[in-house]
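We did not get these values from a lab; they are worked out from the coordinates using the rules stated. Since the model is a prediction, treat every value here as computed from it, not as a measurement. Here the Cβ is made from the backbone with ideal geometry for all residues, glycine too, and neighbour counts use every protein chain on show.
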Amino acid sequence: MLDVSHVTKRYGKLTACNDLSFHLDPGDVAILLGPNGAGKSTIMKSIIGFLKYDGEITVGGFPNKTSEARRIMGYIPEMPALYPNLTVSEHMEFLARAYRMENYKERAEALLERFELADKRKKFGDELSKGMQQKLNLCLGLLPDPQFLLLDEPMIGLDPHAIKELKTMIDEMREAGKTLLISTHIIDSVDMLWDRTLIMQNGLLKRNITREELDESGSTLEELFFGVTEGLDAEAMTGAASEAEETSADTEDKGKKGFWRFGRR
Ligand code: ADP
């Protein structure tokens, strides 16, 4: 479904994404984990086609900036971009028209109900609290029901009810065979079913690990994350260095660091 091949994105002298390569199969639920500034949003914006970069990205076999790829993809940005002079209902209608959706009303209504926005239908974008804006942002991203959905830090700013609903929806999308790429810097938020975790730091893909590989290692995701991001060599644990890691300059440090034996759960 997604192929990211040697993607590098620079902002001036800063390399936000450094030679990233990974792929997702149809139906994969992948978590993109990394501290602030790791490059998560940048790779997501590159995939969705908002940024220029070096390298290649295909979605469903099509270059990501083609209309065929765009039809398959949806994106929920970290920052809601709402129109101050459109109401909640009008936002949903606007998006449905942009995606040429017919019979969108029932799904739109169900989403607004789920995220407790139904009684805010007539409120304008700038009359919503931050949390409500975030929830509307989610409803807008979920409305077209794409085959492949990118969610950038989707839990940020949500109340506990909305977090619960979102996690339920993620499970439902998983059941329906959708492909999901979900970025977060909060490990605690990753208590959902996932198939693959990608750990980024300083623009590099430091780990690309499946759930089975993590389970076999006997370690938790938290242990892996801190092992990787705090510079301890977790390769002993996973036994599966990512392709990106093999090619990154970062691995020149391999061997200089001590091995870290992760405790059993
Ligand atoms: P994350 O989503 O993991 O927090 P980002 O992809 O937002 O990380 O940022 C990666 C790096 O790129 C950071 O150092 C950030 O400051 C920088 N960056 C992001 N967007 C821009 C931009 N538009 N211009 C310049 N630097 C940027």
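Remark: region 113-203 projects, on average over all directions, an area of 6.8 nm² (convex hull of Cα atoms). Phi angles of region 26-41 translate, via the Karplus equation with coefficients 6.51, -1.76, 1.60 and θ = phi - 60°, into HN-Hα couplings of x, x, 6, 10, 10, 9, 9, 10, x, x, 3, x, 5, x, 5, 4 Hz per residue; Gly and Pro are given as x. Rounded to the nearest angstrom and listed largest first, the equivalent-ellipsoid semi-axes of region 47-96 from its Cα gyration tensor are 27, 13, 7. Here the Debye sum runs over all C-alpha atoms of region 140-182 as equal scatterers in vacuum, and log10 of I(q)/I(0) at q = 0.26 Å⁻¹ comes out as -1.02.
Hydrodynamic analysis of the chain uses the Kirkwood radius over alpha carbon pairs. Inserted into Stokes-Einstein at 20 °C and 1.002 mPa s, it gives a translational diffusion coefficient of 111 µm²/s. Given a Förster radius of 45 Å and the C-beta distance between residue 193 and residue 85 as r, what FRET efficiency does 1/(1 + (r/R0)^6) yield to the nearest 0.05? FRET efficiency, residue 193 to residue 85: 0.65. Sequentially through region 210-227, phi angles give Karplus couplings (6.51, -1.76, 1.60; θ = phi - 60°) of 8, 4, 4, 4, 5, 4, 4, 6, x, 10, 8, 5, 4, 4, 5, 4, 5, x Hz, Gly and Pro residues having no value and appearing as x. Taking 0.36 nm per residue of sequence separation and removing the Cα-Cα distance, the residue 25/residue 212 pair yields an extension gain of 65.8 nm. No solvent, one uniform scatterer per C-alpha: report log10 I(q)/I(0) for region 8-113 via the Debye equation at q = 0.18 1/Å, two decimals. With no solvent term, the Cα-only Debye profile gives -1.08. When +1 charges are put on Lys and Arg Cβ atoms and -1 charges on Asp and Glu Cβ atoms, the dipole computed for the chain relative to its Cα centre reaches about 780 debye.
For residue 206, the lysines whose Cα comes closer than 22 Å to its Cα, not counting residues fewer than 8 places off in the same chain, are 9, 13, 40, 45, 254, 256, 257. Taking 12 Å as the cut-off, the amide N atoms of region 107-149 that come nearer than this to a point 7 Å along the Cα-to-beta-carbon line of residue 159 belong to 115-120, 129-133, 135.
Of 63, 125, 151, which is farthest towards the positive pole of region 31-172's charge dipole, taken about the Cα centre with +1 and -1 on the beta-carbons of Lys, Arg and Asp, Glu respectively? Comparing the listed Cα positions along the dipole, 63 ranks first.
Using alpha carbons only, the radius of gyration of region 71-166 set against its Kirkwood radius gives Rg/Rh = 0.92. Taking the Cα centre of region 67-220 as reference, the dipole from Cβ charges on Lys and Arg (+1) and Asp and Glu (-1) amounts to some 460 debye. Residues whose amide H comes within less than 5 Å of that of residue 32, counting only those at least five positions distant or on another chain, are 182, 183, 184, 198 (H built at 1.01 Å from N in the peptide plane).
Using only Cα atoms, tell me the angle between helix 105-114 and the longest principal axis of the chain; keep it within 0 to 90° and round to the nearest 10. So the inclination is approximately 60 degrees. Any idea what angle helix 88-98 forms with the longest principal axis of the chain, computed on alpha-carbon atoms, 0 to 90 degrees, nearest 10? The two axes meet at around 70 degrees.
Restricting region 168-233 to GluC sites (Glu not before Pro) that sit in a DSSP loop and have at most 12 other Cβ atoms within 10 Å of their own Cβ leaves 230.
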